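Notes for the one structure printed next.
The values are calculated or read from the model by the stated rules, or taken from the named source; none is laboratory data. Owing to the predicted nature of the structure, the values given are computational and were not obtained by experimental measurement. Positions of Cβ are generated from backbone atoms using ideal geometry, with glycine treated the same way; all protein chains shown enter the neighbour counts.
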Amino acid sequence: MAGNWKMYKTAGETVTFFEKFRPLVEKSEHCEIVICPPFVNVPVAVRAAEETRIEIGAQDLFWAKEGAYTGEVSGPMLKAAGARWVIIGHSERRQYFGETNESVLKKTVAALQAGLRPIVCVGEHLEEREAGNTNAVLISQCEGGICGLMPAQFAQIAVAYEPVWAIGTGKTATPELAADAHSMLRGYLQQCFGEEAASKTRILYGGSVKPDNVKALMAQPEIDGALVGGASLEAVSFASIVNF
């Protein structure tokens, strides 16, 4: 269960969140818990999550280890700050910052080289779904952004299916629609990496996951977890999702 805080919370608000959240999930051993705050709050979150099972991730990274890239943050920097995970290729990065399948692959490789676990995002827009192109879009994103990995690299990543039309809109893919997309993704990844590797890959669902719909989503065998946006910003809400 991963929480993507996007561009929310100051350092003080991060500390307050963890003070409320930690006791709510201290006995939650059925899943991995990851929280991805803004870059500047990664060290604060790492300290706040000490001696717990909660792991901290980042929301992005750059593919170079260092250099004249004003405003960017590298994998080694995130690793040194205590991050263990990183979200790559989120639809908002693709939409607002021009990320492509090629850049997603480069960032995924860079994350793995730095010892971070990538959560690689794929998903279609509403017009693509309505045109019947969902599978083609997801295959294209996998082909360009995931299937270029070596098998040993692929074994280290998680995939997040996030239908863009369900992110921050309050709309959620029905459990059946989500499961169909997850099944198709796993089938294509099987073609790239083999049945065993694809079966072990965790495919998370992201798109307006809330306490009142998480149970139905998680009841689908093909859905291995959730990438949660807005509902991860409030301690009780995210704890309810973790403890579905």
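Overview of results
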quantity: Residue list for the stretch 5-23, filter: of a type in the set (D, E, K, R) and either touching a residue at least 40 places away in the same chain (Cβ under 8 Å) or under 13 Å from Arg47 (Cβ atoms) (or both); calculated: Lys6, Lys9, Glu19, Lys20, Arg22
quantity: Enumeration of residues in the stretch 63-79 that are touching a residue at least 24 places away in the same chain (Cβ under 8 Å), hydrophobic (A, V, I, L, M, F, W, C) and within 30 Å of Thr16 (Cβ to Cβ); calculated: Val73, Leu78
quantity: Qualifying positions in the stretch 119-129 - buried (at least 18 other Cβ atoms within 10 Å of the Cβ) and either under 19 Å from Val159 (Cα atoms) or touching a residue at least 40 places away in the same chain (Cβ under 8 Å) (or both); calculated: Ile119, Val120, Cys121, Val122, Gly123, Glu124
quantity: Cross-chain or 6+ apart pairs with Cβ under 6 Å, the stretch 34-45 first and crowded, with 18+ Cβ neighbours inside 10 Å, then in a helix (DSSP H, G or I); calculated: Pro37/Thr14; Pro37/Ala45; Asn41/Ala11; Asn41/Thr14; Val42/Ala81; Val44/Ala11; Val44/Thr14; Ala45/Thr14
quantity: Residues that are crowded, with 19+ Cβ neighbours inside 10 Å and among the hydroxyl-bearing types (Ser, Thr, Tyr), drawn from the stretch 222-244; calculated: Ser232
quantity: Single condition Glu13 does not satisfy, out of (1) over 17 Å from Gly229 (Cα atoms); (2) modelled with pLDDT of 95 or more; calculated: (1)
quantity: Yes/no for Val164 being modelled with pLDDT of 95 or more and within 15 Å of the chain's Cα centre (by Cα); calculated: no
quantity: Residues located in the stretch 59-118, provided they are part of a loop (DSSP other than H, G, I, E, B) and buried (at least 20 other Cβ atoms within 10 Å of the Cβ); calculated: Gln59, Asp60, Leu61, Ala83, Gly89, His90, Glu99, Leu116
quantity: Close pairs (7 angstrom Cβ cut-off, 6 or more residues apart or separate chains): in contact (Cβ under 8 Å) with a residue 40 or more places away in the chain in the stretch 87-108, part of a loop (DSSP other than H, G, I, E, B) and of a type in the set (Val, Ile, Thr) anywhere; calculated: Ser91/Ile167; Thr108/Ile157
quantity: Selection status of Val137, within 19 Å of Glu99 (Cβ to Cβ), without any contact (Cβ under 8 Å) to a residue 24 or more places away in the chain and either crowded, with 20+ Cβ neighbours inside 10 Å or out of contact with any Phe, Trp or Tyr (no Cβ under 8 Å at 6 or more places or on another chain) (or both); calculated: yes
quantity: Ile139 vs. criteria closer than 20 Å to Glu222 by Cβ, β-branched (Val, Ile, Thr) and out of contact with any helix residue (DSSP H, G or I) (no Cβ under 7 Å at 6 or more places or on another chain); calculated: no
quantity: Options Lys9, Lys27, Lys20: the member that is assigned to a loop (DSSP other than H, G, I, E, B) and surrounded by fewer than 18 Cβ atoms within 10 Å (Cβ to Cβ); calculated: Lys27
quantity: Considering residues of the stretch 10-65 that are basic (Lys, Arg) and in contact with a Ser or Thr (Cβ under 9 Å, 6 or more places away or on another chain) only, the residue farthest from Asn101 (Cα to Cα); calculated: Arg22
